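Worksheet for the structure shown next.
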Amino acid sequence: MNTFLNYLVVAALFALVLAPVALGLARERRIDRQLREAERGRRAAGPPETRSAAQPVTAERGPHPTRWGGGGDGGL
């Protein structure tokens, strides 16, 4: 009976040590799954429209295409 209790104590300690590891792995898998689902949703929706610095600013999109929004003389 003493041997059985020794094995039981060792198993309980082993479980206490491994419980945080198991919970952490489960949490990481859940986060990975959520990130994959979000990435799939982003790909299905297409890339977001961004304004590039290389594209000139047109009248519909904002101020005059010069750097400071003034006249076409370059600010001189």
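Using θ = phi - 60° in the Karplus curve 6.51 cos²θ - 1.76 cosθ + 1.60, the 3J(HN,Hα) couplings for region 30-37 round to 5, 5, 4, 5, 5, 5, 4, 5 Hz; x is entered for Gly and Pro. Apolar share of the accessible surface for region 1-45: 65 percent from carbon plus sulfur atoms, 1.4 Å probe.
The values are calculated or read from the model by the stated rules, or taken from the named source; none is laboratory data. As the structure is a prediction and not an experimental result, all values here were calculated from the model. Just the protein is used for accessible areas: all its heavy atoms, side chains included, with ligands, DNA and RNA removed. Shrake-Rupley method; radii C 1.70, N 1.55, O 1.52, S 1.80 Å.
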